[in-house]
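Worksheet: one structure, shown below.
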Amino acid sequence: MFIKREWKNLDKVMLIVSFLIVCISLCIIGSATHINKGAINYDFVAKQGAAFVVDLMIILFFSRFDYAKLKKYAKPLYIINLLMLVAVMFVGTSALGAQRWIQLGPITLQPSEFSKLIMIICTASILSDRVGQLNTWRQVLPIGLYVGIPFLLVLKQPDLGTSLVFMAITFGMLFVGRIKMSLLRNVFLAGVVLAPVGWHFLKDYQKSRITVFLNPNADPFGAGYHIIQSKIAIGSGMLFGKGLFQGTQSQLNFLPENHTDFIFSVIGEELGFLGCIFLLFLYFILVYRGLMIAKDCKDSFGMMLATGVVSMWAFQILVNVGMTCGIMPVTGIPLPFMSYGVSALTTNMMGLGLLLSIYMRQQTMIF
């Protein structure tokens, strides 16, 4: 009877859509990686599938957990978050020119992924008591400093993509917290003015990514290679695609990182325009349901939590899809529920669990 009542109060649409995206992900990861090592193997699918099974237990826990209790754990979580990010600097492992991962036996974890969700919880705990009271710099600057410390630690790794996600989450939550619009406008203008200064603090590879975004053919066999191959893959898929396991760019490994950052390119090549539109429609449903949960939430903490999770998803979808299509710079931001990565998938599943928890408790209050 208890399980039946829980299922009745669950946002079944959001749950089914997210699971469907993960199922599509496993198929595409299998297609993109099954011959990566010269012989047929499905190691990446097995690892991602195993993580998904474990994450089902996490969703069950988070959905049944009273999200309101998270507020009192905000300070300890913030400290744990800083310790994790600092630990990466000393014991982290490096790959692709960045030190972002911690190796725990056979498992490789990326603390900056979990840091996104922790910062959503911590920032929500602060903003929930200040909704409608963000009218001056004196009221806003403490929040900026609070988010700024982990932001800089992630930027130091360097992980510009996750740092930008931090900013998107913060801006989304500030907007819903009814910050005075003139303050946001001034922050945006200040960012535009200071952009030339920030250019000098970027790594060389980050500068080259921005340069080739403006002109990929400036370095077609170097920094521009990813974008060029991605656009070829998506364009060659046309309307219906070449078919699963039939894409030439992904199967012959012309397309780099085809199971992580550029997995949307594989979808475009093998499932075509219709496959891309179907996936984007699923994302639209996911984001829309999340926004409705935030809108209907009766308490400010739950509203802020839901806003943070939706802001994280929406920004990552926008940037990743834009990146693969060549209309945004390459930043290494994964596509939610699709890109390979245990840490990324688990973070998104935790966020889903929080949204389900908020929805369920709102339904309980109604009935």
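For region 238-340, the dipole from Cβ point charges (+1 on Lys and Arg, -1 on Asp and Glu) about the Cα centre works out to 240 debye, to the nearest 20.
Annotation: amide H-H contacts under 5 Å for R100 (H modelled 1.01 Å from N, sequence separation of 5 or more, or interchain): T93, A95. Working from label points 7 Å from Cα in the Cα-to-Cβ sense, the I35 to K8 distance is 5.3 nm. A simple spin-label model places pseudo-atoms 7 Å from Cα toward Cβ; at K207 and F284 they are separated by 4.2 nm. Each of G308, Q103, L174 was scored by the projection of its Cα onto the charge dipole of the chain, and the greatest displacement toward the positive side belongs to L174; charges sit on the C-beta of Lys, Arg, Asp and Glu.
Our coupling estimate for region 158-174, obtained by passing each phi through the Karplus curve with A = 6.51, B = -1.76, C = 1.60 and θ = phi - 60°, is x, 9, 5, x, 5, 4, 5, 5, 3, 5, 5, 4, 5, 5, x, 6, 5 Hz, Gly and Pro reported as x. Around the Cα centre of region 139-234, unit charges on the Cβ atoms of Lys, Arg, Asp and Glu (plus for the first two, minus for the last two) sum to a dipole of about 260 debye.
Full extension of the chain between M167 and L291 gives 42.8 nm of extra length, using 0.36 nm per residue less the Cα-Cα distance. Between F61 and K156, what FRET efficiency comes out of the Förster formula 1/(1 + (r/R0)^6) with R0 = 25 Å and r the beta carbon distance, rounded to 0.05? Result of the calculation: an efficiency of 0.20. Between the amide H of G241 and those of G272, F273, distances stay under 5 Å, these residues lying 5 or more places away or on another chain, with hydrogens modeled in the peptide plane.
Summing Cβ point charges (Lys, Arg +1; Asp, Glu -1) relative to the Cα centre of the chain gives a dipole of roughly 1100 debye.
Bridgeable aspartates and glutamates around K231 (alpha carbons under 19 Å apart, same-chain partners fewer than 8 residues away excluded): D219, E257, D261, E269, E270. Entry note, the chain: the mean residue ellipticity at 222 nm calculated from DSSP H runs of n ≥ 4, each adding -39500 (n - 2.57), is -23500 deg cm²/dmol after division by the residues and rounding to the nearest 500. On the beta carbon distance between N135 and I80, with R0 = 25 Å, the FRET formula returns roughly 0.20. When Cα Rg over 2.2 N^0.38 Å is calculated for this entry, the matching label among (1) 0.99; (2) 0.92; (3) 1.05 is (1). Summarising the label geometry, the points placed 7 Å from Cα in the beta-carbon direction at A190 and V53 lie 5.0 nm from one another. Here the gap between S236 and F254, fully extended at 0.36 nm per residue and compared with their Cα-Cα distance, gives a gain of 5.2 nm.
The order of the peptides 337-346, 49-58, 277-286 by mean Cβ neighbours within 10 Å, most packed first, is 337-346, 277-286, 49-58.
Cβ-Cβ distance of D43 and L20, R₀ of 22 Å, FRET efficiency by 1/(1 + (r/R0)^6): the value works out to about 0.40. Simple rule: put +1 on each Lys or Arg Cβ and -1 on each Asp or Glu Cβ in the chain, find the dipole, and look at V330, N258, F52; the Cα lying farthest toward the positive end is F52.
Each 10 Å bin from zero up to the one holding the largest Cα-Cα distance in region 6-162 carries the following percent of pairs: 9, 26, 33, 24, 7, 1, 0.
Throughout, read-outs are computed from the coordinates displayed, never taken from laboratory work. All values reported here derive from a predicted model rather than from experimental measurement. FYI the Cβ positions are ideal-geometry reconstructions off the backbone, even for glycines, and counts take in every protein chain you see.
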